[in-house]
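The values are calculated or read from the model by the stated rules, or taken from the named source; none is laboratory data. Quick caveat, the model's predicted, so the values are computed rather than measured. Using ideal geometry, Cβ is built from the backbone for each residue, glycine included, and neighbour counts are taken over all protein chains shown. These area figures cover heavy atoms from the full protein model, side chains too; ligands, DNA and RNA do not enter into them. Shrake-Rupley method; radii C 1.70, N 1.55, O 1.52, S 1.80 Å.
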Amino acid sequence: GCPPSKIMFDSPAKTALEIEEALSLGVQLNVDNFDELERVSGTLASLTEKGVTSSSRVAFRFNPLVGGGTIDALSVSTSTSKFGVPLTDDTKERLIGCFERYAFLDGLHIHIGSQGMSLDQLC
């Protein structure tokens, strides 16, 4: 089998139960938005109260807004994308604040799309 620490759970619509299970098992979790970050924080606190220490790494997914590629269905770095927090001047400061506030937050996750992206967009 695959050890949980080698699994990365990334979804824009995680349920509370899925978050708790991932954190209980030590699965790496990519947080997709600020609301989900609050749910993860609350779940970690609840697990601690139960005597469970999570070994999960937790990263925050952001959208650098590099634009769409030539395949619309696979372009996820536009302002209308449901994946990650768009990186703007306003959200940049809020994101930095999250890393200062939450000691468990220890990574960044980025995905700008699959195929159809120009080299300029990828670099």
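For the reader, a short list of remarks on this structure follows.
- Members of the range 1-34 that are part of a helix (DSSP H, G or I), under 16 Å from the mean Cα position of the chain (by Cα) and aliphatic (A, V, I, L, M): 16, 19, 22, 23
- The range 76-96, subset over 14 Å from residue 36 (Cβ atoms) and assigned to a loop (DSSP other than H, G, I, E, B), residue modelled with the lowest pLDDT: 77
- Only listed residue being under 14 Å from residue 105 (Cα atoms) and either open to solvent by 10 Å² or more (accessible area, probe 1.4 Å) or of a type in the set (Asp, Glu) (or both), chosen from 17, 23, 44, 37: 44
- Residue that is most open to solvent (accessible area, probe 1.4 Å), among those in the range 97-106 that are of a type in the set (Phe, Trp, Tyr) and assigned to a loop (DSSP other than H, G, I, E, B): 104
- Single condition residue 73 does not satisfy, out of (1) aliphatic (A, V, I, L, M); (2) open to solvent by 80 Å² or more (accessible area, probe 1.4 Å); (3) at pLDDT 95 or above: (3)
- Total residues in the range 47-66 satisfying the condition of being open to solvent by 40 Å² or more (accessible area, probe 1.4 Å), out of contact with any strand residue (DSSP E or B) (no Cβ under 9 Å at 6 or more places or on another chain) and aliphatic (A, V, I, L, M): the figure is 1.
- When 56, 41, 114, 46 are checked against the criterion of being at pLDDT 85 or above, of a type in the set (Ser, Thr, Tyr), touching a helix residue (DSSP H, G or I) at 6+ places or on another chain (Cβ under 7 Å) and under 30 Å from residue 20 (Cβ atoms), 56 stands alone in meeting it.
- Residue count for the range 8-22 satisfying the condition of being among the polar types (S, T, N, Q) and more than 20 Å from residue 46 (Cα to Cα): 1.
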